[in-house]
Amino acid sequence: MEMNSQAFLENAREALGDPEKAKRRDIMAAFTPMVRNAAMESFGKFEPLRQHVRRVRQHTLDNLDHYLDLFEKEALSNGNHVHYAMDGEEMNRIVLDICQRHGARRIAKGKSMVTEETGLSRHLEGAGLNVTETDLGEYIVQQAGEPPSHIVGPALHKSAAEVRELFLSRHDLGERELDETAQLVKEARGVLRQKFLEADVGIIGANALVAENGYSMLVTNEGNGDLCANLPPVLIVCTTMERILPRAEDATAMMRLLVRSATGQPHTCYTSFYSGPRREQDTDGPVETHFVLLDDKRTDILASDYREMLQCIRCGACLNHCPIYTATGGHAYGAVYMGPMGSVLTPLLTSLEESHLLPNACTGCGRCAEVCPSGIPLPDLLRDLRHAEQAAKLSPRRWRQGLKIHAWLARHPRIYHGLTALGIPLLHRLGRRRGAFSKLPLAGGWTSQRDFPAPQRKTFMQAYSNVVKAEKKRQRND
Amino acid sequence: MNEERSNPEGHTRQPQVALFVTCLADLFRPSVAFDSIKLLERAGCSVVVPTQQTCCGQPAYNSGDYDATVPLAKQVIEMLEPADYVVVPSGSCAGMICHHYPRLLDGQWQRRAQDLATRTYELTTFLTDIAPLPPRKVKTAALPPVTYHDSCAGLRELAIREQPRRLLRDMCGVEVNEMQQTDVCCGFGGTFCAKMPEISAKMASDKVNNAVATGARILAGGDLGCLLNLAGRARRMGETIEVRHVAELLSGDLAGPAIGEGK
Amino acid sequence: MTKSSRSRIFAKVRHSSRGASAEFIREELDSFGKAPSAELPATDTATAFLANVLRNQGTAACAANRTDAVREVGQYLYQHYRTHRLVAGSDPRLAAMPWRDAGVLPRFGAAEGNEPAALSYARLGVAETGAIVTFTGKANPAANNLLAEHHIVVVDCEDLVGDMEEAWVRIRREVDRDGRPRGINFIAGPSSTADIEGQLVYGAHGPRGWHVILLGHVPDSTLDDARELAAG
């Protein structure tokens, strides 16, 4: 599959043509909304919490200069180095530089979508470093040489049997049973335990940055993030500024939404706050810690009409509820972020030229906005991107022109009614026996997959004007 | 024929309803519009059909052509606003008028759009909440099992779910056989189904299969876009489930062919 | 290089911000009030806490006093390992426990490699999530939370709070007194993953067993009530 948003339709076709993978996606599409709904119903306060967190986050974004200043001040006074990167290349350079200054050879990495964005692992490996993804899902796709298919469960497109094959070929551990998923997890645990213990540098992301005290928050079920944050002598936190929240309780309030939305659990197993390097009373932990704050268009988005997209907490609920994502799978999007949130972010982070198909992969059904814990009006943002696409003349000419003609006709009722009064009865006569057309000129997109139902004898406006005329005649005769 | 005339909201005169038939009903299934008039009159309303109507502007709007949509929206508002109520046999077109016109327009036009929105209703909502249909059974043979498709716009923009089911119960004595995953899109999405036909077809197939699995013989719904999509896909799949607009069931208009059905 | 990026980023952020005073910002934030939190499964905090510990797939026990607590630790170790080996941090509360009464002798220090069991004395327990809270430091090295197969945690009844907001009030008090710890860890269960086919498996990278001992005087029925709630 091509990692290229312009190949979305071809990729989608390929994905639709794989019945086994399609079936697994359908199963996930039935399962994930069910557990999310159960969790929210059990919690009982989704809407008030969503409103509260939304208020706090919009307040933070409105005053981001104040909070960024505060976070930096606190993070520095906690003993961190704080770096800023305009783009992915700069972030990668900064991280590599830190690793090289320490003569690091082995890197243990926690899950971080920001580092996916910048292609950090590839960059470090290109410089000869050995990078191990420690989140099990990321480890699996790393071993398989594939991109993640989902922002929360990167390897959910793989069956247990495929993971078994992968482990058998990649881990040199001799004859062994790997039929149960539990055995696969146990093997990964053993292999990766060594990596944690040997790592020279730990790299993690952050689910939130707390301005009032300079702590970063990381949540996992596996505990791999904590192992990366506590064992290696150097820790690098790669993140972006929209993660900043004012207070610690704002971060944990947000978690009430994040975890239920992502997995249907009330909370994650590990919710950890790290302030910086080892202190006097510590016997473990990194001796040197770094924050690398990446911009990569965030400040542009902040200044734009798409600003609300910065409220995204990467829960993946919109993916889980999107029937288009289910149909095509994550890889079809050809981008780091997929599904509804990816279809908004990708044009903003890359360009509309490269990715304008993605906002079109949407029926406007609104299921995403219904479940979005951040209250982001995704269907409206997607429509606005289609507006930008249309204004930039990136959509196919025949569509743009066809829709303009239709709109013009609609504003000229007499012509519209006149033309349809001619066309519809003709279509009716042609189609009335069978009831539908299997082929119709100008409707190839429709008829490639569907029959086109035949119209009735006349248009309504035609039939109604006849009724009105007949009624007037009757009244005159009475 | 002595119709029972109910008096919605204690009006001393009959409430005047302007029917916005929708372009799909106008072009592909006028019987739905005629059935809607019949139902509204039965509910005690006097119905006018503004003759300058064509389309609410969704095709251009959803494809992002806001510039082409604005003048059309203004035309529609101007045409409809004199009525006491506007009734629309489509969740998506009613949603367009109620939710999206105010978003699209500014200043005095926005105010006029907001005002119109307070008086604009989708058909089944109007016939349950505003001008309740006097309960009576449809005088035809008992209906075969029915399942119901909730359009996304109707469901999420206008909270339409119970209303058609209540009407089917009260007017036709029918309890809907619910499908699996009623809240998942059927794949129509306006221009989407033509821009991304294979993805759309998969979604439509899932919906048709869910409908057939209920054992229902009729698939009803309130939005012709969805219904044309599902009927077309069902025919291509070789499924014979009858696809009809809910107005047809409620008014007992079942003699003619279902959507996509031949003579 | 990164200095100029810093200036550019700050300038762009400032440009999009409201430029309000710190006072105004503080007031607006305060005006939002408290976030809604999850309801507790029971009105009694201890019962609620234990119910959620159990729902987290942890195991739980009540100990009226420190002698009972060490016996409980001994029993848990023996049940899982037929051994009395244990590593524990230098928390003075742990050192002061009557280990000889249970025939257990912890090694005081940090867990290494494939340790069978580690013991922590929590700072707090949070009923809302069934989580215990530890700070990193000599008293509880982070390794003790993460590297052992089984993590045993003792928490005092007086250190139980209702929800996360209350937890932060208590944590702030300790931080104001003793300074910021490097790490603040909320742990709510044995480690797990569902990354393969969405199947939930316990014992991912962290411990696969998690045993919480509630120390102090609680009504006798507390644990049973918690078990009933967790099962329901």
Label points 7 Å out from Cα along the Cβ direction at C:R93 and B:D67: separation in nm?
6.9
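Would you please name the GluC sites (Glu not before Pro) within segment A:53-119 that are DSSP coil residues with at most 13 other C-beta atoms within 10 Å of their C-beta?
Details: sites: A:E72, A:E74, A:E89, A:E90, A:E116, A:E117; in loops: none.
For GluC sites (Glu not before Pro) across segment A:53-119 that sit outside H, G, I, E and B with at most 13 neighbouring Cβ atoms in 10 Å, the list is empty.
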Please report the spacing between the Cα centers of segment C:47-98 and segment B:56-123 in Å, no decimals.
66
Relative contact order for chain B, counting Cα pairs under 8 Å that sit 6 or more residues apart, in percent
19
Within segment A:190-224, find all residues whose amide N lies under 18 Å from a label point positioned 7 Å from the Cα of A:R101 along Cα-to-beta-carbon.
A:200-204
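Please arrange A:R25, C:R173 by how many other C-beta atoms lie within 10 Å of their C-beta, fewest to most.
Details: A:R25 22, C:R173 10.
If I rank by nearby Cβ atoms, fewest first, I get C:R173, A:R25.
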Taking a virtual spin label 7 Å from the Cα of A:R122 along the C-beta vector, which residues in segment A:345-368 bring their backbone nitrogen under 15 Å of it?
A:350
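Within 10 Å of each Cβ in A:276-288, how many Cβ atoms from other chains are there, averaged over the peptide? Walk me through the intermediate numbers first.
Values: counts 3, 1, 3, 7, 3, 10, 9, 13, 11, 8, 1, 0, 0.
The mean count of partner-chain Cβ atoms within 10 Å per residue comes to 5.
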Is chain B best put as rounded, prolate or oblate by its Cα gyration tensor, with a ≥ b ≥ c the root eigenvalues, rounded for a/c under 1.5, and otherwise prolate when a/b is larger than b/c, oblate when not?
oblate
Given a Förster radius of 30 Å and the C-beta distance between A:L168 and B:Q181 as r, what FRET efficiency does 1/(1 + (r/R0)^6) yield to the nearest 0.05?
0.20
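What list do you get for B:V76, C:V201 if you sort them by fewest beta carbons within 10 Å?
Working: B:V76 27, C:V201 23.
Sorted ascending by nearby Cβ count, the order is C:V201, B:V76.
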Taking the Cα centre of each part, how many Å lie between segment C:155-186 and segment A:329-346?
40
Simple spin-label model, 7 Å along Cα-to-Cβ: C:E228 to C:A11 in nm?
6.8
For A:A160 and A:I27, compute 0.36 nm times the residue count separating them, minus their Cα-Cα distance, and round to one decimal in nm.
46.4 nm
Residues A:H412, A:H356, sorted so that the one with the fewest Cβ neighbours within 10 Å comes first:
A:H412, A:H356
Tell me the mean residue ellipticity at 222 nm calculated for chain B from its helices only (DSSP H runs of n ≥ 4, each -39500 (n - 2.57), averaged over every residue, nearest 500).
-12500 deg cm²/dmol
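Pulled fully out, how much extra length does the chain show between C:F108 and C:E39, if you take 0.36 nm times their separation in residues and subtract their Cα-Cα distance?
Additional length available on full extension: 21.0 nm.
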With an 8 Å Cα cut-off and a minimum separation of 6 or more residues, compute the relative contact order for chain A in percent.
20
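Counting other Cβ atoms within 10 Å, keep those with at most 11, restrict to DSSP loop, and tell me which trypsin sites (Lys or Arg not before Pro) in segment A:395-449 are left. All intermediate terms of the calculation are to be shown ahead of the outcome.
Working: sites: A:R397, A:R398, A:R400, A:K404, A:R411, A:R414, A:R429, A:R432, A:R433, A:R434, A:K439; in loops: A:R411, A:R432, A:R433, A:R434, A:K439.
Filter output for segment A:395-449: A:R433, A:K439.
For A:N477 and A:E370, FRET efficiency with R0 = 51 Å and r from the beta-carbon atoms, rounded to 0.05? Display every interim value, and only then the final one.
On the way: r = 57 Å, r/R0 = 1.11.
The pair A:E370/A:N477 has a calculated efficiency of 0.35.
What is the mean number of Cβ atoms from other protein chains located within 10 Å of the Cβ atom of each residue in peptide A:243-250, rounded to a whole number?
On the way: counts 0, 0, 0, 4, 4, 8, 11, 3.
Per residue, the number of nearby Cβ atoms from other chains is 4 on average.
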Roughly how far apart, in whole Å, are the Cα centres of segment A:1-64 and segment B:208-248?
28
Nearest 500 deg cm²/dmol is fine: what mean residue ellipticity at 222 nm does chain A get from its DSSP H runs of n ≥ 4 alone, each adding -39,500 (n - 2.57), divided by its residue count?
-16500 deg cm²/dmol
Placing +1 at every Lys and Arg Cβ and -1 at every Asp and Glu Cβ, with all other atoms neutral, what dipole size does chain A have around its Cα centre, in debye to the nearest 20?
4040
Taking R0 as 51 Å and r as the Cβ-Cβ distance between B:D106 and A:N130, the FRET efficiency 1/(1 + (r/R0)^6), rounded to the nearest 0.05, comes to 0.30
Phi-based couplings in Hz for segment A:339-349 (Karplus 6.51, -1.76, 1.60; Gly and Pro marked x)
x, x, 5, x, 6, 7, 5, 4, x, 6, 8
Per DSSP H run of at least 4 residues, take -39500 (n - 2.57); add these up for chain C, divide by its residues and hand me the 222 nm value, nearest 500 deg cm²/dmol.
-11000 deg cm²/dmol
Could you pull the Cα extents of the protein assembly as shown along its three principal axes, largest to smallest, in whole Å?
113, 65, 64
State, to one decimal in nm, how far the label point of A:R176 lies from the label point of A:Q51, with both points 7 Å from Cα in the Cβ direction.
5.3
Across all Cα atoms of segment B:8-130, Rg and the largest Cα-Cα distance (Dmax), in Å, are 13.9, 44
log₁₀ I(q)/I(0) of segment C:1-123 at q = 0.10, 0.12, 0.14, 0.18 Å⁻¹, via Debye over equal Cα point scatterers, no solvent, to two decimals?
-0.62, -0.71, -0.77, -1.02
Quick check: the angle from helix A:397-410's long axis to the longest principal axis of chain A, C-alpha only, nearest 10 degrees?
50
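I need to check one value: relative contact order of chain C, counting alpha carbon pairs closer than 8 Å and at least 6 residues apart, in percent.
25 percent.
Mind ranking B:220-227, C:17-24, C:138-145 by how tightly packed they are, going by the mean number of other C-beta atoms within 10 angstrom, highest first? Present the calculation step by step, with values, prior to reporting the outcome.
Numbers: B:220-227: 27.8, C:17-24: 12.6, C:138-145: 25.4.
Taking the mean over residues of other Cβ atoms within 10 Å, the ranking is B:220-227, C:138-145, C:17-24.
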Please give the average number of partner chain Cβ atoms lying within 10 Å of the Cβ of each residue in A:324-332, rounded to a whole number.
3
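Read the figures in this text as sums done on the coordinates, not as results from a lab. As the structure is a computational prediction, the values presented were derived from the model and not from experiment. Please note: Cβ atoms are built from the backbone with ideal geometry, for glycine as well, and neighbour counts cover all protein chains shown.
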